[in-house]
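Nothing in this text is a laboratory measurement; each read-out follows from the coordinates by a stated rule. Bear in mind the structure is a predicted one, so any value in this text is a computation, not a measurement. Backbone-built Cβ (ideal geometry, glycine too); neighbour counts: all protein chains shown.
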Amino acid sequence: MSAKKVVVVGGGIVGCMTAMALVKRGCQVTIVERNQIASQTSGEASWAGGGILSALLPWMYLDQVNHLVLKGAKLYPEVCQQLLEETGIDPEYTRSGMLIKPSFEQETALNWCKRFNVPIEVVGDDLLLTDVAQVRNPRMMRALKAWLIKHQVRIIEQTQLLPLVETELKQAGVVKSWQTTTGERIEADTFVVTSGAWSYELLKETAQTLNIKPMRGQILLYQLPPEESVQNIVYQNGFYLVPRRDGHLIAGSTLEDVGFDTGVTEAVKQELKAKAEAIMPKLKDYPIMRHWSGLRPGTPDNLPTIDVHPTIKNLYLNTGHFRYGLTMSPACAEMIAEQICGK
């Protein structure tokens, strides 16, 4: 029997993880990416995010979100080790712990951690989630791309697909090919949309109604000397600081409903700078090295869609992960691969 041919539409973290899961099940996979995988200029959250493998205040989210986040985080050590061994690129998986500073409901937090068996320490007025880990997004994406190329995944970059139109389906309920903006048609047995913030634009003309919109997040980057290094991720009132192994420090981020605008603003830069210095006053002594943004696929309650299209039986959706696409991606990739290939 010939291998199932699958086209993954979108080469962010969710798309690459989905392709990886499908390759492991023997599929012949093609990724179609509108920009360039692992590019810092793509505007996608996969490259731009802070890399925290946890919900920021998990007790504030629905159980469905937390189950995906916790399952995804649990899979990361194995995935990162495999990527390092096979590509030589280290995603820098690091168990940093996350220190959560007031304000929050301590009793609610402690009860949630007990219910989900999440280790926690009370440190004065703060809470330390000791097992929270992180990866370095750009390294993670480069490692995934290298792994996929090594495993013969066809990668088509700088290629946009036209919105899927019901009347173009070759036969009822099945899409045989998907047209690019340059007129080429890409054929497959199965298609998976993993296009994040762009998913609605691709599917809006079909029967599928996706409640997804882009939400911009702006982030700052500092460089600290070794003697000023920070051990834990620090979170307070919607803002986080993420320390990297080499002394870089991520500070972010915003939630802005500005459409597909990936620009940055001086006003937000100063707002982020003030928040970072309020948590860590020593940052006043160090310049901001970089300031960038990424677009998250915003959805109500941070709930993604991981399912077959309701009217097109060979079209699957793995999209709408909002702030937690990175963390959820290994778990969601397994889920959609099982739906396509079976267990």
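Calculated FRET efficiency, Gln64 to Val174, Cβ-Cβ distance, R0 = 22 Å: about 0.15 to the nearest 0.05.
Of all beta bridges that DSSP places with both ends in region 25-164, some 75 percent have antiparallel geometry.
Mind checking the dipole of region 211-343: about its Cα centre, +1 per Lys or Arg Cβ, -1 per Asp or Glu Cβ, Debye to the nearest 20?
Values: 14 positive and 14 negative charges, 18 e Å.
Dipole magnitude for region 211-343 comes out near 80 debye.
Compared with the dominant Cα axis of the chain, that is its longest principal axis, helix 13-24 is turned about 60°.
Using DSSP loop states and a limit of at most 16 other Cβ atoms within 10 Å to flag GluC sites (Glu not before Pro), what is the longest stretch of the chain containing no flagged site? The partial results should precede the final answer.
Numbers: sites that count: Glu105, Glu157, Glu184, Glu205.
The answer is 206-343.
In this label model, Lys71 and Glu338 are separated by 0.6 nm, measuring between points 7 Å along each Cα→Cβ vector.
With both residues required to sit in the chain, DSSP beta bridges show an antiparallel share near 65%. Using Cβ point charges alone (K and R +1, D and E -1), the dipole size of the chain about the Cα centre works out to roughly 680 debye.
Net charge near Ser54, counting Lys/Arg +1 and Asp/Glu -1 over other residues with Cβ under 14 Å of its Cβ? Provide the component values of the computation, followed by the final result.
Values: positive: Lys71, Lys74, Arg95, Arg323; negative: Asp131.
Net local charge, Ser54 excluded: +3.
Counting only C-alpha contacts under 8 Å and six or more residues apart, can you give the relative contact order of region 293-343 as a whole percent? Don't skip to the answer; put the middle values down first.
Details: 58 pairs, mean separation 17.7, N = 51.
Relative contact order here is 35 percent.
Can you classify the chain as rounded, prolate or oblate using the Cα gyration tensor, where a ≥ b ≥ c are the square roots of its eigenvalues, rounded means a/c under 1.5, and otherwise it's prolate if a/b beats b/c and oblate if not? Note, shape of the chain comes out prolate. Of the residues Asn302, Asn117, Asn137, the one that moves most in a GNM of the chain with alpha-carbon contacts below 10 Å is Asn117.
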